[in-house]
1. For labels at residue 15 and residue 204 in the simple 7 Å Cα→Cβ model, what's the distance in nm?
2. What lysines sit close enough to residue 55 to cross-link, taking a C-alpha to C-alpha distance under 25 Å and skipping anything fewer than 8 places away on the same chain?
3. Sort out for me the Cα centre separation of the range 264-311 from the range 174-208, rounded to whole Å.
4. What FRET efficiency, computed as 1/(1 + (r/R0)^6) with R0 = 41 Å and r the Cβ-Cβ distance, is obtained for residue 281 and residue 64, rounded to the nearest 0.05?
5. Using the per-residue mean of other Cβ atoms lying within 10 Å as a proxy for protection, in what order, highest first, do the peptides 132-143, 40-51 fall?
6. Can you check what the Kirkwood hydrodynamic radius comes to for the range 4-68, Cα pairs only, in Å to one decimal?
7. Once you sort the root eigenvalues of the Cα gyration tensor of the range 104-229 as a ≥ b ≥ c, which label holds: rounded (a/c under 1.5), prolate (a/b larger than b/c) or oblate (the other case)?
8. Under a cut-off of 19 Å between alpha-carbon atoms, report the lysines in cross-link reach of residue 212, not counting same-chain residues fewer than 8 places apart.
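We did not get these values from a lab; they are worked out from the coordinates using the rules stated. Given the structure is predicted, the values throughout are model-derived calculations rather than measurements. Cβ placement follows ideal geometry from the backbone for every residue including glycine, while neighbour counts extend to all protein chains displayed.
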Amino acid sequence: MAPLKSLEQDYPILDSNFQSFCASHDIFSVEDLLLHDLYVLAAFAEQESSSERLKQGITQVLSIIDGQHQPWLNGMELLEDAQRNKHVLFTGCEGIDLLLHGGLRVGQLMELVGPSSSGKTQVCLLAASNVAKKHIGSVVYLDTGNSFSPQRVTHFICQHSDPAIDQAKHRTLQKVMNNISYKSVFDIFTMFDVLHQLEFNLRSQMQGGDCKVQLLIVDSVSSMVTPILGGSGSQGHALMISAGYLLKKLAHEHNIAVLVTNHTVGGDGGISKPALGESWKSIPHVRLLLSRDHGGSICNVSILKHPSMVESFASLFTMCAIDLPLSLSVQPFYHTVFTPYGISFFIHPF
């Protein structure tokens, strides 16, 4: 849950004095406060010179928590919400968009899994470019490995060099770049701070009618989480799961699409499998596996997990070097094959 210091901007009563009082009782977050006996905490507050203000602060935190409780919904309300709010965002990669029947669905967390150089960051950059250009909203891009490339975003937006449309392209490029908010994040604690701040910003946008965030990208979640998973303790796994549920909460409550990347590790029999283990497996709504032959341009993407589609459906798309390495294109040709999991279709580039 949110650190108390992140609440001060929206709730001035939770000022430095309130935070210092809480810190003296080992309370640094909303979760810490809930773990304490509130009657005992209020008794301690009575002993302070600013007791009334401190008790008001405790009441304010409890009010914030009550306001976050979601009401019960029936099936019809869920269907109406899905039809009204859970639309799709095109990634710009036709192979993936065709495979997913439109692209990234808002309200869901999608994970791209693949080895190094399989195209994960490439898809993230293309999706960010496409959403920022074609949708009314903005993109938040959290980069854990300094892999974000504004040059590639520029290339995706300005693929031709006709002087007659350079000015129009410049305006489009400026719009896209302004709609992408970038942040380097190198540890999970910084990511928690960023996500909690984003959560409060999203609430403010709902009230103020500002330009809405449509897509949140974390590239990559595994490089940030893996260092805390070592050892016999469970704290690393708890932090990982907390991060996953916070991402899903942002997706569901604020109707945004969340896209994260994950690498692969060796499994039984030398077969690669997604990193982060079984604990993380339940976090993504959708999990896609990307693969590419070493040095080749044809990429395969297959469904490992999807709430409404058969697993093992697959698609192919090409990665071609045009001015800058690895731009995405696809010219689909369909045929149907039978797999051990049922009927699957493939999209072959010419």
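1. For residue 15 paired with residue 204, the spin-label model returns 2.0 nm.
2. Correct list for residue 55: 5.
3. After rounding, the separation between the Cα centres reads 27 Å.
4. 0.80
5. 132-143, 40-51
6. Computed over the range 4-68, the radius equals 11.6 Å.
7. oblate
8. Partners found: 86, 133, 134, 175, 183, 248, 249.
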